[in-house]
Structures are given as C-alpha cells and as structure tokens.
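Q: Shown below is the structure under consideration.
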Amino acid sequence: MSPDAQPRTRAPADARAVDRRVVLVTALASVLAIAAGLVAQLLLHLIGLVTNLVYFGKVSLAFVSPALTHRGYLALILIPVGGAIVVGLMARYGSAAIRGHGIPEVMEKVLFGESRIPARVLVFKPLASAIAIGTGGPFGAEGPIIATGGALGSLLGQLLHVTIDERKTLLAAGAAAGMAATFGSPVSAILLAVELLLFEYRARSLVPVALAAAIATAVRIAFVGFEPVFPMTTLTQPHGEALVAYLVVGALVGVLAAGVTGFTYQIEHLFERMGHRTGLHWMWWPAIGAVAVGVIGIIAPRTLGVGYDNITAALSGTITGRALAVLVTFKLLSWAIYLGSGTSGGTLAPLFTIGSGVGALLGSGLEFLLPNAGIQPAMAALVGMAAIFAGTSHALLASVVFAFETTRQPIGLLPLLGGCSIAYLTARLLNPNSIMTEKLARRGLNIQTEYTADHLMHVRVDEAASTPVMTLPADATIGAAQAQLQADPRATTHHGFPVLNANGELVGVVARRVLFDPLVAADRTVATLITRPPVVVYADQSLRDAADHMVLEDVGRLPVVTRAAPRRVVGIITRSDLLAAHADRLRAANTVMTPRWLHVLDKEGPE
C-alpha cells in the first residue's frame, strides 16, 4: 500500500435503541399475542372438557372443579392414574420436553439453546397439560400456557429470517402473552418476562413484549370480560402495627418459599433414585404420583384440579381455620408429589393457593394476638399469595404487580411491596436458586438471573485510551522501524503500532509479530505490510462499542480518532485497557468507605 494512500477507516456503527428491525419484531409479536391469547382459551376449554368427561360424564367446555364430583373413591384414584399414563406415553413417544411445569425448560432454551423450542412441544405440551390437569392434577394452567406461548414465539422465530436475539424476544413475547391471557395481568407478565426470560431491559425487546402482553389481555377481555381473576372484598388502609405484621407474614412465607423449592426437588430426586434402583422407566413415574393425587383427593377434594376458586376463597375469607389448614397442607403434598413424578403442569396456581392460605392463617393468628392493631386476614392472605411467588420465583416486582392486577386492590400495594421484599430477601438468603432455576442448577448449569447495566457502556473511549501513541512512519523501512522500537523501552509492552503517512494520517496498523518476522525483507517499507483498511473507534464512543468492534473485526487494539478528523490518531485502545476500565466498578462494589464524619473526628481529636 502506498504511504500516501487514503484508505477508508472502519469504525463501529453508532448504537441505536430502536430501528426498523424492532418495528418488524413488534409486528410479529402482535400477531403472536393474538395466537397466544386464543391458545390460552383453547387450553382452558380443553381442561374443562376433560374434567367434565371424566368426573361428571358429560360433554361441556365449562371450567369446573373436580371437587364437585360424586364419583366413588376408586374412581378418584383411577382417573388421575389414567391421565398420568396418557401423559407418560405422550412424553416418551411424543416429546420429553413436555415434562415439568414449563418455565425452567423455556429458560434453558433461552440461555443455552438459542431460544429454539421444538415444534412438537407446541402440540404435545398443551394437550398433555389439559389431560393431567383435567384428570385432577393439582396444577395451574398458566405454566403450560406460558410454555406454549413461548414455543409459538420460538417457532415463529425459526421460520423467519431473524437474529437469535430477536428469536428470544419473540419467545418472551409469546410467554408474556400466555400469562397475560390467563390472568389478565399484562404488566406483571412483562416484568416476569424481563426477570426470568429476557435478562435485559432494552427498548428493542421491551416494546414487542409489552405490546404482546397488552394485546393478549385484550383477547382475554373479549372472552371473559374485565373482572379480576381473584375478586375480594375491599380492603382498608393499614397503619403502624398492621404494616409490621404484614412484614412478619412476608418473612415467614419467605422461609416457606425456600422450603417449598427444596421440598419439591427432593421429591423429584426420590423418583429418580427409585427409577435407578428399580429400572422403572420414567414414563410410569407420573402414574405413581397420581396415586397420591387420588388418595389426597379423597381426603381433601378441593386439592384436585387448578383450584382458582380456592385462591379466591382464601382471599375473601370464605374458607378459614382448620379447613384452610387442611387445604394448604394437602395441596402442597399433592402438587409436590405429582410435579416431582415428572408429569406436565404449572406451579403458579398451587403456589398462590398455598401462599394465600398460609397468609390468611398467619393473619388470623396475628389478629388474635393483636386485636387492636387493625390486622386484616384478607390483606395477610394477599401478601402471602404474592410473597410465596416472590420467594419461589425470585421475580420480586412481577409478584407485587401481579397481586394488584389480579385483585384490583390498590390499598394493598404498600403491604405487598414490604411483604414481598422481605420474602424475597429471606428466600434468597436460604436458597440462592428459585423454583425455576433449581432444576437447571442441579444439572450443573450456571444460571444468573440478575443483570446490571454494562459498565463499559458508561465509559467513553477517550477516558480509557492510552496516550501518547507509539506510531511508525509508513515510508520507513522495516529494518529502521525495528531499530526504532528496539531503542524505545516502552515498545516492549506493545503488540501493534499505528502507521502514519507523511501527513501524519493513519493508513493502517502493523502487529509486532509481523514486523519482526524473520522472513520479511528488512528493506521493504512498513506500508507494504498493511493488508486491510484501518480499523478504528471514535473518541466519543463507548468502550462497549470498542469491545464489540474488536471481536467483529478480530483485532486486539483500535486506534482512537475523532469524527472531525477520522484519520488523525489521538490514542489507542487495547484489550488490557478494557479490563482496566473495570477497576472503578470493582472498587465501588467491594471497597467499604470510611464515613467522612469519622475523618473529621480524627482531625479534631487529641493527638
């Protein structure tokens, strides 16, 4: 290359929050939301159909509780077992991905599977869940609906020309639409997608997910109206001791949440051990779990099925005392055993039943101990329902907003925020994994559901660039350049050098290994070693732009230029500079600072 050549520099493109691709993905998410909303209604009607057929002997799509059946004791055991056998066959010969409650499997695909969910899951998951729940399985419909919505989004992303990130957004949009279509809770569905699926908060992913949740909620309204999923009597404003009492409820439910997570996976482990010892194929495990479902259903019929009415009863106070304690205890046992056996079903509705019941019981006990504190068992039930969600899922904000959206009780927001926060703290102290990530962690997968702003995005290139820059003249011979570098001790730490023409303008970068290659003739000019246009970064761009540009261009250093003079080198950024930029972040996170007032006392004290 001639020393006076004018090569075109290659700088990273400026990042944009939204572009035409976001508009495209948003449009796809809108169509997806309508489909997810219809699938949610289809699944609920399928559950109703199966329940009516097996427990009442009639053809009806009405959503009804199996607890109202007049079937005999033997039928109450055989019906869940029959459903479990069908689900086991579907899992073995259809898709093993339908096992479990759905959300952990979706998370795994997002984190480790490029958001690819097999198309057959779209058929087998809702069908298996309808059979498992319709035959008495103590699960919620929301988990399978969320998983099915995610599968819809993933399939759409696999059929079209989109990036892996865009496919993830479509998957999260489908999952959020599924939850919104089930509970009529669009905001909490968005937050759940952000906290458990997206692991980011960016306009390009938030907008499609938010619009999908809104549209899916509108689809639900078209079918069932505007009424909240869990109606309850109007609450009164809590004060003083009552607020403290709800914090206590949150803390105790947080302990319960950590225990529930460990308990359910311990049962799953017991089934696995049984399979290893007996050689019994996992296809038959749900049938064994279904026996427990049937036996418990004979003792406590209200444990059968989804049980949304149980949640409403606990929140409204129509079921209290011993009856509520029996419901909570046996619902936990039935759900944990059947889920641990590997059948298909959701976790949220059972958790809401357990949490609201425990909250109501604790509220009643605290009301008895502090009769003048203004404690409301209904408020405690609401806090318990949301707190167990926060403690088991580790989705704090989604839990608070969910309780508000599903009950429309604005007065409950303050107790909910306090109770869920303390439950979240307690549960995380006792168990670092949520009920969503415990299974993945036990398989050796490192799951980090927390996210922070990228530190490199907040540091400008000119703040971290190295100056002055060691440069080489383009018209110098290689022998002269080698002598120049050997004479300067600073050059020993550099691995690449910008090359400038006679006018001081950048023409490229030469690596040390190329410059000192013994096979290269010493009388050649430095300019002849340049084989590509100069790859640069602008001084006002971020270190994240620089890091990404290094990866994309496969270089270890970037000359820094300005937009006004894109061929005038003002600094250089290396990979070492990128690492060094994290020093301030680590210092802020790990260095305990001495309060300024202690310095003042030290100065004023006796010598």
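The values are calculated or read from the model by the stated rules, or taken from the named source; none is laboratory data. Predicted, not measured: the structure shown is a model, and the values here were computed from it. Glycine gets a Cβ as well: all are built from the backbone with ideal geometry, and neighbour counts include every protein chain shown. For accessibility, only protein heavy atoms count, side chains too; no ligands or nucleic acids. Shrake-Rupley method; radii C 1.70, N 1.55, O 1.52, S 1.80 Å.
Q: Evaluate region 511-521: report whether one residue or more is closer than 27 Å to Ala13 by Cα and at pLDDT 85 or above. Can you show your working first?
A: Of all residues in region 511-521, those closer than 27 Å to Ala13 by Cα come to 511.
Checking the rest, the ones that are also at pLDDT 85 or above come to 511.
Yes, that holds for at least one residue.
Q: Just to be sure I understand the filter: pairs with C-beta atoms under 6 Å, separated by 6 or more residues or on different chains, first member in region 579-591 and open to solvent by less than 80 Å² (accessible area, probe 1.4 Å), second member assigned to a helix (DSSP H, G or I). Which pairs pass?
A: Sorted first by the residue in region 579-591, then by its partner, the pairs are Ala581/Ala464; Ala581/Leu543.
Q: Of all residues in region 425-443, which are at pLDDT 85 or above and over 15 Å from Val106 (Cα atoms)?
A: Matches in region 425-443: Leu425, Thr426, Ala427, Arg428, Leu429, Leu430, Asn431, Pro432, Asn433.
Q: Out of region 67-95, which residues are farther than 19 Å from Ile288 by Cα and more than 33 Å from the chain's Cα centre (by Cα)?
A: Passing the criteria: Ala67, Leu68, Thr69, His70, Arg71, Gly72.
Q: Sticking with this structure for a sec: So Ala287 passes all but one of these: (1) touching a Leu at 6+ places or on another chain (Cβ under 7 Å); (2) closer than 25 Å to Glu268 by Cβ; (3) surrounded by fewer than 23 Cβ atoms within 10 Å (Cβ to Cβ). Which condition number does it fail?
A: It fails just one condition, (1).
Q: State all residues of region 475-495 that are open to solvent by 30 Å² or more (accessible area, probe 1.4 Å) and either more than 25 Å from Ile573 (Cβ to Cβ) or not in a loop (DSSP other than H, G, I, E, B) (or both); if no residue qualifies, say none.
A: Looking only at region 475-495, we keep the residues that are open to solvent by 30 Å² or more (accessible area, probe 1.4 Å), and these are 475, 477, 480, 482-484, 486-490, 492-495.
Matches in region 475-495: Asp475, Thr477, Ala480, Gln482, Ala483, Gln484, Gln486, Ala487, Pro489, Arg490, Thr492, Thr493.
Q: Also, quick follow-up: When you scan region 31-66, how many residues do you find that are surrounded by fewer than 18 Cβ atoms within 10 Å (Cβ to Cβ) and within 23 Å of the chain's Cα centre (by Cα)?
A: Result for region 31-66: 2.
Q: If the Cβ limit is 8 Å and pairs must be 6+ apart or interchain, which residue in region 545-574 that is within 12 Å of Leu506 (Cβ to Cβ) pairs with which residue that is basic (Lys, Arg)?
A: Sorted first by the residue in region 545-574, then by its partner, the pairs are Val561/Arg567; Val561/Arg568; Thr562/Arg568; Ile572/Arg557.
Q: So how many residues does region 416-450 have that are open to solvent by less than 10 Å² (accessible area, probe 1.4 Å), assigned to a loop (DSSP other than H, G, I, E, B) and free of Cβ contacts under 8 Å to residues at least 40 places away in the same chain?
A: Residues flagged as open to solvent by less than 10 Å² (accessible area, probe 1.4 Å), assigned to a loop (DSSP other than H, G, I, E, B) and free of Cβ contacts under 8 Å to residues at least 40 places away in the same chain within region 416-450 amount to 0.
Q: Any chance region 46-59 includes a residue that's in a helix (DSSP H, G or I) and either under 30 Å from Ala441 (Cβ atoms) or in contact with an Asp or Glu (Cβ under 7 Å, 6 or more places away or on another chain) (or both)? Don't jump to the end; show me each part of the working.
A: Applying the first criterion (in a helix (DSSP H, G or I)) to region 46-59 yields 46-56.
Still in the list and also either under 30 Å from Ala441 (Cβ atoms) or in contact with an Asp or Glu (Cβ under 7 Å, 6 or more places away or on another chain) (or both): none.
Within region 46-59, not a single residue is in a helix (DSSP H, G or I) and either under 30 Å from Ala441 (Cβ atoms) or in contact with an Asp or Glu (Cβ under 7 Å, 6 or more places away or on another chain) (or both).
Q: Inside region 401-415, can you point out the residues that are assigned to a helix (DSSP H, G or I) and either touching a Gly at 6+ places or on another chain (Cβ under 9 Å) or polar (S, T, N, Q) (or both)?
A: Here is the first cut: in region 401-415, the ones assigned to a helix (DSSP H, G or I) are 401-407, 410-415.
Within region 401-415, Ala403, Phe404, Glu405, Thr406, Thr407, Pro415 qualify.
Q: Please work out which one of (1) farther than 30 Å from Thr312 by Cα; (2) more than 23 Å from the chain's Cα centre (by Cα); (3) open to solvent by less than 30 Å² (accessible area, probe 1.4 Å); (4) touching a residue at least 60 places away in the same chain (Cβ under 8 Å) is the condition Gly275 fails and give its number.
A: For Gly275, the failing item is (4).
Q: While we're looking at this one, here's another question. Just to be sure I understand, how many residues within region 233-252 are open to solvent by less than 10 Å² (accessible area, probe 1.4 Å) and of a type in the set (Ser, Thr, Tyr)? Write out each step before concluding.
A: Going through region 233-252, the residues open to solvent by less than 10 Å² (accessible area, probe 1.4 Å) turn out to be 235, 238, 242, 245-246, 249-250.
The next check asks that each one be of a type in the set (Ser, Thr, Tyr); those that pass are 246.
Summing the residues that are open to solvent by less than 10 Å² (accessible area, probe 1.4 Å) and of a type in the set (Ser, Thr, Tyr) in region 233-252 gives 1.
Q: Please specify each residue of region 68-95 satisfying the condition of being buried (at least 17 other Cβ atoms within 10 Å of the Cβ), part of a helix (DSSP H, G or I) and at pLDDT below 90.
A: Ala91
Q: Suppose we filter region 179-193 for residues that are within 15 Å of the chain's Cα centre (by Cα) and open to solvent by less than 10 Å² (accessible area, probe 1.4 Å); how many remain?
A: 4
Conditions (1) within 11 Å of Thr9 (Cβ to Cβ); (2) within 35 Å of the chain's Cα centre (by Cα), marked per residue:
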site	(1), (2)
Thr525	no, no
Pro533	yes, no
Tyr538	yes, yes
Ala546	no, yes
Glu553	no, yes
Ala565	yes, no
